[in-house]
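Asker: Can you keep this structure in mind? I'll have questions shortly.
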Amino acid sequence: MKGKVLIIGSGGWGTALAIILQKKGLNVTLWGRSPEYIKLIEKENENVKFLKGIPFPSGLQLTSDLSVAANNEIDMIVSSTPSLYLRSVIEKLQPFYIPGTKIVSVTKGIENGSLMRASHVIADVLGKQPIAILSGPSHAEEVARELPTTVVIASKNKQLAEEAQNLFITDRFRVYTNYDEIGVELGGATKNIIAIAAGICVGFKFGDNTKAALITRGLAEATRLGIAMGADESTFMGLAGIGDMITTCVSKYGRNLRLGERIGKGEKLSDILASMEQVAEGVMTTKSVLSLAAKYYVDMPITQEVYKILFEDKNPQKAVNDLMMRSPRSEV
């Protein structure tokens, strides 16, 4: 597929996608909100904060001006903005957006307050537009280095899903299609919460038994919520579910895992967040997912304990003990 692609968000993930699409032969523009940072990475020819050491391919365009970027006969927009800032960024895009332009959302989070998934936030601002969701186990650092990676594109519109699949697929970036938008987006959001819990376990120097149990029961929580919201159970057994959760809970690249590890070692959340360059999506998503659990009457004990640790200053060791000493029950 040949065409012009606008990627909104110059973090690690947006940059990684820009790199692989430009190398594939597309005409890619990468937008970032900071003119100073865009000038810096253009000069250095790499994303010095988030993908240091990986040069930009020839022809990749960088800009901080959405009016120029969006009015350049764009065939596809890739929205790669953290959920915390998604609405405000899409509102900036709205005056320049040409209705009908296809959008792929790669944001993994749930908006606080509205409890909207990322694709719904985009639609809430731009109106009903052709939107697909890309998710799965895909650390930006590995994608940008062209290590074999497999993800999923979700859309109820089969034609759009296949078009986005053809846009992204390469010999090192394999893309499957899926119709379950709810399950794919929810899987991408909930895994960050479980990754925080996994990081706390690392900080406590717990073993493999603990992490395996945490991933398994965390996936059970996500699946219960997904089914209650209308998702397909099988989605959580796939790339956007168990695949993404494993990667996020075990990888050295995971910012949510690192945040949890620092909590497990005794640091305060406010100090950790103040020191981080990147957004740990799981922090604010914990609030949203717990609200969704209440709305749909779903039991999510791990998510509840992570919330108490993050926002009620609960002792993490006490949270572990409370989880382990819950009343006996059946696994299913």
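The values are calculated or read from the model by the stated rules, or taken from the named source; none is laboratory data. As the structure is a prediction and not an experimental result, all values here were calculated from the model. When we count neighbours, we look across all protein chains shown, and the Cβ atoms used for this are built from the backbone with ideal geometry, even at glycine.
Asker: Just to check your reading of the model, which residue among L66, L93, L30 is over 17 Å from W13 (Cβ atoms) and buried (at least 22 other Cβ atoms within 10 Å of the Cβ)?
Answerer: After applying the criteria, what remains is L93.
Asker: Show the residue pairs meeting these rules: Cβ distance below 6 Å; 6+ apart or different chains; first residue within segment 92-113 and over 21 Å from L134 (Cβ atoms); second residue crowded, with 21+ Cβ neighbours inside 10 Å and at pLDDT 95 or above.
Answerer: Note: pairs meeting the criteria are N112/S288.
Asker: Picking from V89, V78, which residue would you name as being touching a helix residue (DSSP H, G or I) at 6+ places or on another chain (Cβ under 7 Å), outside any loop (DSSP other than H, G, I, E, B) and touching a residue at least 24 places away in the same chain (Cβ under 8 Å)?
Answerer: Testing whether each residue is touching a helix residue (DSSP H, G or I) at 6+ places or on another chain (Cβ under 7 Å), outside any loop (DSSP other than H, G, I, E, B) and touching a residue at least 24 places away in the same chain (Cβ under 8 Å) leaves just V78.
Asker: Sort through L147, L115 and tell me the only one that's under 26 Å from E91 (Cα atoms) and of a type in the set (A, V, I, L, M).
Answerer: L115
Asker: Just the residues that are over 14 Å from I74 (Cβ atoms) and either surrounded by fewer than 18 Cβ atoms within 10 Å (Cβ to Cβ) or not aliphatic (A, V, I, L, M) (or both), please, taken from segment 2-27.
Answerer: Answer for segment 2-27, where residues must be over 14 Å from I74 (Cβ atoms) and either surrounded by fewer than 18 Cβ atoms within 10 Å (Cβ to Cβ) or not aliphatic (A, V, I, L, M) (or both): G9, S10, G11, G12, W13, G14, T15, Q22, K23, K24, G25.
Asker: Is it the case, given these coordinates, that L147 is within 25 Å of E46 (Cα to Cα), out of contact with any helix residue (DSSP H, G or I) (no Cβ under 8 Å at 6 or more places or on another chain) and at pLDDT 95 or above?
Answerer: For L147, the condition - within 25 Å of E46 (Cα to Cα), out of contact with any helix residue (DSSP H, G or I) (no Cβ under 8 Å at 6 or more places or on another chain) and at pLDDT 95 or above - is met.
Asker: Among helices (runs of 4 or more DSSP H) lying entirely in segment 176-283, which contain 3 or more residues that are buried (at least 16 other Cβ atoms within 10 Å of the Cβ) and among the charged types (D, E, K, R)?
Answerer: Passing ranges, in order: 181-203, 208-229, 255-264.
Asker: In segment 44-75, which residues are part of a loop (DSSP other than H, G, I, E, B) and charged (D, E, K, R)?
Answerer: Answer for segment 44-75, where residues must be part of a loop (DSSP other than H, G, I, E, B) and charged (D, E, K, R): K49, K52, D65, E73, D75.
Asker: Here is a follow-up. Identify all residues within segment 153-172 that are in contact with a helix residue (DSSP H, G or I) (Cβ under 8 Å, 6 or more places away or on another chain) and under 17 Å from S105 (Cβ atoms); write none if there are none.
Answerer: Within segment 153-172, I153, A154, S155, K156, L167, F168 qualify.
Asker: Within segment 209-235, which residues are within 20 Å of N321 (Cβ to Cβ) and of a type outside the set (A, V, I, L, M, F, W, C)?
Answerer: N209, T210, K211, T216, R217, G218, E221
Asker: Also: Is at least one residue of segment 155-166 over 30 Å from A293 (Cα atoms), surrounded by 23 or more Cβ atoms within 10 Å (Cβ to Cβ) and not hydroxyl-bearing (S, T, Y)?
Answerer: yes
Asker: Let me ask something else about it. Contact list please: Cβ distance under 6 Å, first residue in segment 161-184 and over 23 Å from Q129 (Cβ atoms), second residue assigned to a helix (DSSP H, G or I) and not β-branched (V, I, T), pairs at least six apart or on different chains.
Answerer: T170/K24
Asker: Continuing with the same structure: Going by the structure shown, is K49 buried (at least 22 other Cβ atoms within 10 Å of the Cβ) and either modelled with pLDDT under 95 or among the aromatic types (F, W, Y) (or both)?
Answerer: Against the criterion (buried (at least 22 other Cβ atoms within 10 Å of the Cβ) and either modelled with pLDDT under 95 or among the aromatic types (F, W, Y) (or both)), K49 does not qualify.
Asker: Kindly establish whether S105 is assigned by TED's automatic domain parsing to the domain that holds K23, touching a Ser or Thr at 6+ places or on another chain (Cβ under 7 Å) and within 18 Å of M245 (Cβ to Cβ).
Answerer: The answer is no for S105.
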